[in-house]
Amino acid sequence: MAIPDRRVKRFIEDRDTRVSVGLDLPIARQPGNQGGYFATTKTTMDAIKNDIRLLLTTERGERLFQPFLGVNIRRFLFEQITDDTAIEIENDIVDTFQTWLPFVELRDIDVDLGDQDRNKISINITFNIRSAPTELQSVGVVLE
């Protein structure tokens with residue numbers, strides 16, 4: 001029988017508290033100027049959550065020299081909502097993650113189209129990293 005690994009800091013970068021993994025979002029000045037000017041993430045999971053938020057809020061074609069980076073979710077904000085809209089959004093997210101974040105395994109994608117009069121789409125993604133399949137995390141994004 002397999003023994004699950006229940007250590008809190010599973011990744012090599014996470015073991016050294018002096019090492020930063022990525023920039024924390026929103027980008028802001030780090031108080032005290034400890035280890036750099038901008039606030040940073042200290043764990044791999046926090047960096048991946050920021051990557052997922054950025055990928056979901058970036059519109060395809062918005063980034064110079066990377067025209068296929070992002071997800072086309074904003075185009076649904078002012079469209080007529082049908083039963084297939086949530087399925088189209090989920091399929092677009094799955095295809096984008098396979099291309100740009102292949103190390104992330106999507107477990108659940110919850111698309112809440114909510115009140116159509118308010119033009120708001122809420123997305124909640126439950127995921128894990130392929131190298132740590134037992135560690136589930138969740139990220140939520142609201143587009144208005």
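Values in this text are rule-based calculations from the coordinates and carry no lab data. Please read these numbers as outputs of a predicted model, since none were measured by experiment. So basically every Cβ, Gly included, is an ideal-geometry build from the backbone, and we count neighbours across all protein chains shown.
Couple of notes before you dig in:
- FRET efficiency for ARG118 and ASP95, using Cβ-Cβ distance with R0 set to 22 Å, rounded to 0.05: 0.20
- Sequence-distant residues sharing a close amide H with ARG107 (under 5 Å, placed H): THR126, PHE127, ASN128
- Phi-derived couplings, Karplus 6.51 cos²θ - 1.76 cosθ + 1.60 at θ = phi - 60°, listed residue by residue for the stretch 69-79: 6, x, 10, 8, 8, 4, 5, 8, 4, 10, 8 Hz, with x used for Gly and Pro.
- ASP92 sits among other residues whose Cβ lies under 14 Å from its own Cβ, and their net charge, with Lys and Arg +1 and Asp and Glu -1, is -3.
- Karplus-based coupling profile of the stretch 105-112, in residue order and whole Hz: 9, 7, 9, 8, 10, 10, 9, 10, with θ = phi - 60° in 6.51 cos²θ - 1.76 cosθ + 1.60 and x standing for Gly or Pro.
- Rounded FRET efficiency, nearest 0.05, which uses the C-beta distance separating ILE27 from THR126 and R0 of 25 Å: 0.45
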